[in-house]
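*Asks:* Following this message is one structure expressed as structure tokens.
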Amino acid sequence: MVIRLSAIHLYPVKGIRGVTATHAQVESEGLRHDRRWMIIDDEGHFLSQRSHPALALLAGRFDGHHLELTAPGQAPLNLDTPDGTRRIAVTVWRDRVDAAAAGEQGDAWISRFLGQKCRMAYMDDSCSRSITSSRGRPGESVSFADGYPFLLVSYASLADLNSRLDTPLPMDRFRPNLVVAGCEAFAEDGWQRLAIGEAVFRFAGLCARCSVTTVDQKSGTRKSKEPLRTLATYRQGKVESFSASTWYPRKRALSRSGTR
């Protein structure tokens with residue numbers, strides 16, 4: 001059996017549509033450029049597809065210097081990386097961190113799209129968010145992702161789920177960073193160590209799924225309670241994906257290649 005990395009996905013802004021990549025750089029906080037931007041409400045709390053499913057309609061690219069966002073009915077937004085002189089306190093779940101404010105142009109653009117007052121924040125080098133759960137180790141950090149730097153799932157696990165659904169679902173419902181092929185369904189549940197090329201990861205725990213999986217990523221709407229309804233019938237107490245934090249927080253190249 002040959003297990004291989006089959007797909008890499010980045011999410012430049014937390015909550016928006018993903019970008020498929022052929023290669024990526026592994027950093028201690030996650031893949032480079034993954035979830036380094038975030039949309040927040042007027043009180044600094046993050047927004048996601050849980051409360052704003054229309055975020056799935058936003059497409060973005062970030063090269064480390066410029067962020068480009070597109071949305072239906074709006075001119076594209078192009079933002080330079082903030083210089084960090086303007087700071088803003090942001091909240092991701094229970095974590096309160098100091099981030100760089102994106103500026104009025106980005107704030108106005110996203111506010112028009114969502115129809116409410118919003119702001120955009122950026123995780124620069126001065127912004128640090130520690131992994132505070134019992135699974136984290138001293139010095140480990142994460143981007144604006146929910147809990148851990150990486151989320152992995154196998155195609156076999158999705159195929160098993162789809163065999164139980166009336167309407168099969170695409171992988172983008174689960175918003176993984178890494179997708180592997182060549183293993184049995186849910187084999188990733190038991191992996192404790194994962195090496196992809198020179199990048200080494202350790203298992204941080206199973207990822208509890210949420211209502212984001214019910215959002216159609218093409219329409220930005222919820223059409224049913226699937227897949228949560230079906231998952232509850234046979235994955236109760238478990239989950240359908242695999243989450244890992246970096247074991248060695250050194251920058252490594254990652255490409256679609258062999259996995260061990």
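Readers should treat all values here as calculations from the given coordinates under stated rules, not as data from a laboratory. On a predicted model such as this, the values are computed, not experimentally measured, just so you know. Here the Cβ positions follow ideal geometry from the backbone for every residue, glycine too, while neighbour counts run over all protein chains shown.
*Asks:* Which one, Leu114, Trp93, Leu77, projects farthest toward the positive side of the charge dipole computed for the range 35-122 from Cβ point charges (K/R +1, D/E -1)?
*Replies:* Of the options given, the answer is Trp93.
*Asks:* Using Cα-Cα distances under 8 Å and only pairs 6 or more residues apart, what relative contact order does the chain have, in percent?
*Replies:* On the way: 602 pairs, mean separation 66.6, N = 260.
Relative contact order for the chain comes out at 26 percent.
*Asks:* On the principal axes of its Cα set, how long, how wide and how thick is the range 35-122? Give whole Å, largest value first.
*Replies:* In descending order, the Cα extents are 33, 29, 20 Å.
*Asks:* Also: Dipole of the range 1-159, Cα-centred, from +1 at each Lys and Arg C-beta and -1 at each Asp and Glu C-beta, to the nearest 20 debye?
*Replies:* Numbers: 18 positive and 18 negative charges, 99 e Å.
With only Lys, Arg, Asp and Glu charged at Cβ, the dipole is about 480 debye.
*Asks:* Hand me the GluC sites (Glu not before Pro) from the range 1-58 located in a DSSP loop with no more than 16 other Cβ atoms within 10 Å, in residue order please. Present the calculation step by step, with values, prior to reporting the outcome.
*Replies:* Values: sites: Glu27, Glu29, Glu43; in loops: Glu29, Glu43.
In loop regions of the range 1-58 (DSSP not H, G, I, E or B), the sparsely surrounded GluC sites (Glu not before Pro) are Glu43.
*Asks:* Tell me the mean residue ellipticity at 222 nm calculated for the chain from its helices only (DSSP H runs of n ≥ 4, each -39500 (n - 2.57), averaged over every residue, nearest 500). Could the numbers behind the result be given before it?
*Replies:* On the way: 3 runs with 26 residues, N = 260.
That calculation yields -3000 deg cm²/dmol at 222 nm.
*Asks:* Which residue, Ala121, Ala59, Ala208, has the most motion in a Gaussian network model of the chain that connects Cα atoms within less than 10 Å?
*Replies:* The residue with the greatest mean-square fluctuation here is Ala208.
*Asks:* Kindly express, to the nearest 10 degrees and within the range 0 to 90, the angle between helix 104-114's C-alpha long axis and the longest C-alpha principal axis of the chain.
*Replies:* Result, in degrees: 60.
*Asks:* Can you tell me how much longer the chain between Lys223 and Arg164 gets when fully stretched, taken as 0.36 nm per residue apart minus their C-alpha distance, in nm with one decimal?
*Replies:* Full extension of this stretch gives 19.5 nm more.
*Asks:* Can you compute log10 of I(q)/I(0) for the chain with the Debye formula, treating each Cα as one identical point scatterer, at q = 0.08 Å⁻¹?
*Replies:* One equal scatterer on each Cα of the chain leads to -0.30.
*Asks:* If you put +1 on each Lys and Arg Cβ and -1 on each Asp and Glu Cβ, how big is the dipole of the range 35-122 around its Cα centre, in Debye rounded to 20? Could you put the intermediate results ahead of the total?
*Replies:* Working: 11 positive and 11 negative charges, 52 e Å.
Charge dipole of the range 35-122: 260 debye, to the nearest 20.
*Asks:* Let me ask something else about it. What list of ³J(HN,Hα) values in whole Hz, one per residue of the range 199-209 in order, does the Karplus curve 6.51 cos²θ - 1.76 cosθ + 1.60 (θ = phi - 60°) give from phi, with Gly and Pro shown as x?
*Replies:* 8, 10, 10, 10, 6, 10, x, 6, 9, 5, 7
*Asks:* Further question: Given Gly60, Leu206, Ile39, which one lies farthest toward the positive end of the charge dipole of the chain, if we put +1 on the Cβ of every Lys and Arg and -1 on the Cβ of every Asp and Glu?
*Replies:* Leu206
*Asks:* Right, next: What shape does the range 123-227 have by the C-alpha gyration tensor, where a ≥ b ≥ c are the square roots of the eigenvalues, rounded means a/c under 1.5, and otherwise prolate means a/b greater than b/c and oblate the rest? Could the numbers behind the result be given before it?
*Replies:* Working: a/c = 2.32, a/b = 1.41, b/c = 1.65.
Taking the square roots of the gyration eigenvalues as a ≥ b ≥ c, the range 123-227 is oblate.
*Asks:* Modelling each spin label as a point 7 Å along the Cα-to-Cβ direction, I'd like the Glu198/Ala108 distance in nm, to one decimal.
*Replies:* Output for this residue pair reads 4.6 nm.
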